[in-house]
1. Whether any residue in the range 35-48 is closer than 24 Å to SER99 by Cα, free of Cβ contacts under 8 Å to residues at least 60 places away in the same chain and either open to solvent by less than 30 Å² (accessible area, probe 1.4 Å) or not small (Gly, Ala, Ser) (or both) is what I want to check.
2. Tally up the residues in the range 110-126 that are part of a loop (DSSP other than H, G, I, E, B) and open to solvent by 60 Å² or more (accessible area, probe 1.4 Å), please.
3. What do you reckon, is MET141 aliphatic (A, V, I, L, M), surrounded by fewer than 15 Cβ atoms within 10 Å (Cβ to Cβ) and not in a loop (DSSP other than H, G, I, E, B)?
4. Restricting attention to the range 1-20, which residues are farther than 16 Å from VAL55 by Cβ, surrounded by 12 or more Cβ atoms within 10 Å (Cβ to Cβ) and in contact with a strand residue (DSSP E or B) (Cβ under 8 Å, 6 or more places away or on another chain)?
5. Among THR83, THR88, THR67, THR63, which is the only one that is over 23 Å from LYS8 (Cβ atoms), free of Cβ contacts under 8 Å to residues at least 60 places away in the same chain and either touching a His at 6+ places or on another chain (Cβ under 6 Å) or surrounded by 13 or more Cβ atoms within 10 Å (Cβ to Cβ) (or both)?
Amino acid sequence: MGKFSEYKLPLKSLPEGKHEFHYVLGKEFFKNMESADIRDASVAVDLTVNHRNGVYDLNFVCTGTVTVACDRCLDDLEIPIETDYHVTVKYGDTYRDDSDEFIEIPESDSYLNVAYMMYDTISLAVPIKHVHPLGKCNRAMSSLLKKHRTRLENDEDAALEEELIEEMESGQLPAEDPAESKTDPRWDALKNLSAED
């Protein structure tokens, strides 16, 4: 029995009409998918299959949480998942998935494995940046990061980076001073030409 055999939909044997399936995806599912980012999960997936005239409309609704590592302190960070996905499946001559919304599978396939569809849907719902809200990171790790950053303060780039990080975390970037912004003298000369006309 394969790792994902429980996610095989018996499409050919489904009579016309609406059919509902329910899955709960946990840590083991993402481990089997060899997901390096997701450490733990508890995601409920409700799948509705509407079969009519040889066409199968699949609607996935995924709700729950996944746990990833915080990019800043490496502690666990729980991210809420609330997403859905729709795909239309039809039997044809060969396998074709040119579009995100349509899949054609060969007549010889009596099952459709939906494990990868669920995995992709959930993975795309996880934000690219995994960071605790301000002040919620592991204090020991935050102080260690700050300590190592201060060692680099002799380096002008490191000091600038530290200043920018603090400004971004506070949510207040400084307004640019127009007197400090330098322009290219060639443009100034061109502006003077148009002013003379």
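The values are calculated or read from the model by the stated rules, or taken from the named source; none is laboratory data. A quick note: this is a predicted structure, and the numbers were derived from the prediction, not measured. Counting neighbours? That spans all protein chains shown, and the Cβs are built from the backbone with ideal geometry, glycine included. All accessible areas refer to the heavy atoms of the entire protein, side chains included, with ligands and DNA or RNA removed. Shrake-Rupley method; radii C 1.70, N 1.55, O 1.52, S 1.80 Å.
1. The answer is yes, given that some residue of the range 35-48 is closer than 24 Å to SER99 by Cα, free of Cβ contacts under 8 Å to residues at least 60 places away in the same chain and either open to solvent by less than 30 Å² (accessible area, probe 1.4 Å) or not small (Gly, Ala, Ser) (or both).
2. Quick first cut of the range 110-126, residues part of a loop (DSSP other than H, G, I, E, B) only: 110-111, 114, 126.
Then drop every residue that is not open to solvent by 60 Å² or more (accessible area, probe 1.4 Å), which leaves 111.
Within the range 110-126, residues that are part of a loop (DSSP other than H, G, I, E, B) and open to solvent by 60 Å² or more (accessible area, probe 1.4 Å) number 1.
3. Numbers: aliphatic (A, V, I, L, M): yes; surrounded by fewer than 15 Cβ atoms within 10 Å (Cβ to Cβ): yes; not in a loop (DSSP other than H, G, I, E, B): yes.
Criteria met by MET141.
4. If the condition is that a residue be farther than 16 Å from VAL55 by Cβ, surrounded by 12 or more Cβ atoms within 10 Å (Cβ to Cβ) and in contact with a strand residue (DSSP E or B) (Cβ under 8 Å, 6 or more places away or on another chain), then PHE4, TYR7, LYS8 are the ones that fit.
5. Working: THR83 fails: over 23 Å from LYS8 (Cβ atoms); THR88 fails: over 23 Å from LYS8 (Cβ atoms); THR63 fails: over 23 Å from LYS8 (Cβ atoms).
Within the list THR83, THR88, THR67, THR63, the selection yields THR67.
One line per residue, one yes/no per condition, for (1) acidic (Asp, Glu); (2) within 18 Å of HIS51 (Cα to Cα):
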position	(1), (2)
CYS73	no, no
ASP76	yes, no
TYR85	no, yes
ASP98	yes, no
